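**Q** Got a structure here, written out as structure tokens. Questions coming.
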Amino acid sequence: MERCDVLVVGSGGAGMSAAVAARDARASVVVVTKSALGASNTGRAQGGIQAAVAPDDSTEDHLQDTFAAGHGDADPALVRTLVEGGPDAIAWLQALGVRFTHDGDDLRVIRCGGARRPRLLQAGERTGAEMVQALRAAVRDSGAQVHESTALEGLQQVPGGWRATLRAKDGTAQVVDAGAVVLAAGGGLGGEAARVGEKSTNHPDATPEVLEMALALGAEGRDLDSWQRHPTGAVWPPGLAGYALPETTRSYGATLHDAAGERFVDELAPRDVVAGAIIDMVAAGRGAAAPDGTMGAWLDTTAIDRENGPGFTAERLAYVHNRYLKQGVDITKERVLVYPVLHYRNGGLVIDAHGHTTLPRLYAAGEITGGVHGTNRLMGNSLLDTVVFGRIAGAAAAREARA
Ligand SMILES: Cc1cc2nc3c(=O)[nH]c(=O)nc-3n(C[C@H](O)[C@H](O)[C@H](O)COP(=O)(O)OP(=O)(O)OC[C@H]3O[C@@H](n4cnc5c(N)ncnc54)[C@H](O)[C@@H]3O)c2cc1C
């Protein structure tokens, strides 16, 4: 049997931030993660991370945008913690080595759906992958024990903490006793998508068993069935079906059209508004058909270079451009067919502003939690959530376990 102060379950942005913060608070830490350290939805994030760092922006504006996008359903204390922690989270990531894109000396900020100001920071086009790389190195350097290819299978409350049963992919079982546990296993929406027969943007490890385990133990949940669809999932070609074209395509000027070429929504409205408008437009019989009959909306990506000049797409959207080129489609010359795709679980475990769930010595952070975003998430706020609440939960768990 292994013993530690803090057991962290999952190694996306939230789990790795929690592990580093718990080690910084001098706790002994074990991280258990289903496959390789850092393999997660976090690593897939392309769009970017929101934080009020621009001179003309404020945490108050960020707070109001977050609250409005979430239909006023978010927990005000959690939203305040999120937005006020934004600038420091960015500084922390930079100190760990994340290279955010600059325009000259200034951090580049982009306006995205639902935000009143440019606020989205990017590390090239692969912000999540860059964060994972930096956080993975920080976890390795921290001296945390990492069990890769190992899943949390059971959790039982014992005096002074929790007893966790782990199962490695080779079938070996292991027991860990921890003074406190941080659940950072994500929202598991990939698993839900498979269950309801929809396409999802999620990593294969995104299954909901840890969330379900916590609920079965009696932890309180909220908004659990509030799922977010990414508005622009690729419909065609088949090799890209389900791939989410980043929101920045619309930030840079791509427009949405029905089969007749009419625009039908403000492309920079919050995500659920844009996704809902596409679904309604197709349901009303105005959709465009892919060669196999799948219906969708046209995303006119050719507008990006028209608006910003030739070469802009190749430079700023190189990743998506190249993914399409590999499938024989040049998005600077052809519009592409899109339809909303399951993306994010808005709800999850109830936490307080310290990341504490409603069960003793049990903390949670990231997509497994609810309340930070209400019933619709502002794009870019999830990566911020993982860092802000991951660090808070890791530090608080360490304090409680070592008290
Ligand atoms: C394609 C895509 C693009 C996105 N783009 C953006 C973006 O641009 N900006 C933004 O803010 N958000 C974006 N998001 C959302 C954001 O990336 C995620 O919500 C966030 O990264 C979740 O982080 P997390 O640490 O909570 O969970 P995850 O990153 O999902 O990590 C969960 C971890 O838990 C592990 N795990 C699961 N079950 C178990 C178990 N039983 N035992 C042990 N370990 C387990 C997994 O292996 C994984 O390591 C995107 C999501 C996707 C899928």
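FYI, it's all coordinate maths here, none of it is from the lab. Here the structure is a predicted model, which means the values were calculated and not measured. We place every Cβ from the backbone using ideal geometry, glycine too, and count neighbours over all the protein chains shown.
**Q** Just 232, 172, 332 to compare: in a GNM of the chain, with alpha carbon springs under 10 Å, which one fluctuates most?
**A** 172
**Q** If you don't mind, there's one more thing I want to ask. Give me the distance in nm between label points sitting 7 Å out from Cα along the Cα-to-Cβ direction at residue 77 and residue 157, one decimal.
**A** 2.0
**Q** If you don't mind, another one. What is the local net charge at residue 186, summed over the other residues whose Cβ is closer than 9 Å to its Cβ (Lys, Arg +1; Asp, Glu -1)? Numbers along the way, then the final one.
**A** Details: positive: 345; negative: 205, 367.
Net local charge, residue 186 excluded: -1.
**Q** Grab the DSSP H runs of the chain that are 4 residues or longer, score each as -39,500 (n - 2.57), total them, divide by all residues and round the 222 nm result to the nearest 500 deg cm²/dmol.
**A** That comes out to -10000 deg cm²/dmol.
**Q** What spacing in nm lies between the two simple spin-label points modelled at residue 196 and residue 273, each 7 Å away from Cα in the Cβ direction?
**A** Once both label points are built, they end up 2.2 nm from each other.
**Q** Take the alpha-carbon positions of the chain, form their convex hull, and give its projected area averaged over all directions (one quarter of the hull surface) in nm².
**A** That works out to 19.1 nm².
**Q** So, one more: GNM on the chain, C-alpha springs below 10 Å: top fluctuator among 234, 115, 95?
**A** Maximum fluctuation in the GNM of the chain, among the listed residues, is at 95.
**Q** Subtracting the Cα-Cα distance from 0.36 nm times the residue separation, let me have the gained length for residue 325 to residue 140 in nm, one decimal.
**A** Result for the pair: 63.0 nm of gain on full extension.
**Q** Still on this structure, please answer the following. Near residue 326, which lysines are there with a Cα under 26 Å away, not counting those fewer than 8 places off in the same chain?
**A** Cα-Cα hits under 26 Å: 199.
**Q** Further question: Quick check: residue separation of residue 148 and residue 173 times 0.36 nm, minus the Cα distance between them. What number comes out in nm?
**A** Extra length from residue 148 to residue 173 when fully extended: 7.7 nm.
**Q** Another question, if that's okay. If the chain between residue 314 and residue 403 were fully stretched, how many nm would it gain, using 0.36 nm times the residue separation less the Cα-Cα distance?
**A** Stretched fully, the residue 314-residue 403 segment lengthens by 26.7 nm.
**Q** Name the residue, out of 93, 217, 155, whose mean-square fluctuation peaks in a Gaussian network model built on the chain with Cα pairs under 10 Å.
**A** Comparing 93, 217, 155 in a Gaussian network model of the chain, the most mobile one is 217.
**Q** Okay, next question. Which percent, nearest 5, of DSSP beta bridges in the chain are antiparallel?
**A** 65
**Q** Then there's this: Based on other C-beta atoms within 10 Å, arrange 281, 379, 295, 1 from fewest to most.
**A** With the sparsest Cβ surroundings first, the list reads 1, 295, 281, 379.
**Q** Still on this structure: Read phi for every residue in region 180-196 and hand back ³J(HN,Hα) as whole Hz from Karplus 6.51 cos²θ - 1.76 cosθ + 1.60, θ = phi - 60°, with x for Gly and Pro.
**A** Each residue of region 180-196 in turn: 7, 10, 10, 8, 9, 8, x, x, x, 6, x, x, 5, 4, 4, 5, 8 Hz.
**Q** Another question, then. If we count other beta carbons within 10 Å of each Cβ, what is the order of 170, 75, 330, fewest first?
**A** On the way: 170 7, 75 21, 330 13.
By the 10 Å Cβ count, ascending: 170, 330, 75.
**Q** In what order do 317, 325, 166 fall by count of nearby beta-carbon atoms within 10 Å, going from fewest to most? Spell out each step's value before the answer.
**A** Details: 317 25, 325 14, 166 20.
Fewest-to-most Cβ neighbours within 10 Å comes out as 325, 166, 317.
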